[in-house]
Amino acid sequence: MKKILLPVVALLLTTSIFAQKKVADVAKFASETIDFGKIKQGVPAKGTFTVTNISNEPLIIEQANPTCGCTISDYTKSPIAPGKTGVIVATYNAAALNHFDKHLSVKFAGIDEIKSITFTGDVVVAEEFDKMQKPLVQGKDKMKDAPAASAVKTSKK
């Protein structure tokens, strides 16, 4: 019995020593996906992912790499204190027409797991984008010209 117990205990201790932290143990994203909706071709779109340090130690973003050359990323370089937030900013160049789904591979210091975050949207030609925006602009102008609502006073009798 002792011959079996010793190897089992050694295996359990070794496994617990080499257990790796997961991203979910140290970081929480406000959103793992950003939908840009419809964006105008040739006008870069910028999205910000917010990440909160949910561990008891400072969190360091080592990398936030885009999966293609159409995206530029930037991120909080300084350690993120426990309970505090950092950001990862993705800027998509919007050069190609049609729908897109792009990803950033995020690597945190001391964590082997790579986290993938996504941004998506539809790039449309300038004319189509302007047509979509025109009714919104006209609606805002009409609101500006509308008379202000008057306050109604009530008296107690």
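Read-outs throughout are calculated quantities, based only on the coordinates presented, and are distinct from any laboratory measurement. This structure is a prediction, so every number in the text was calculated from the model and none was measured. Ideal geometry is used to build each Cβ from the backbone, glycine not excepted, and the neighbour counts take in all protein chains shown.
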Item to check | Net dipole in debye of the range 38-116 [+1 Lys, Arg Cβ; -1 Asp, Glu Cβ; about Cα centre; nearest 20] | outcome: 380 debye
Next on the checklist: Could you tell me how many cubic angstrom of Cα convex hull volume the range 53-119 has per residue?
Outcome noted: 83 Å³
Next on the checklist: Using the basic label-point model (7 angstrom from Cα toward the beta carbon), what is the Asp112 to Asp35 distance in nanometres?
Outcome noted: 3.6 nm
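Could you pull out the pairs from Lys21/Lys102; Lys40/Lys107; Lys38/Lys115; Lys46/Lys77; Lys84/Lys134 whose alpha carbons sit more than 29 Å apart here?
Violating the 29 Å limit, Cα to Cα: Lys40/Lys107; Lys84/Lys134.
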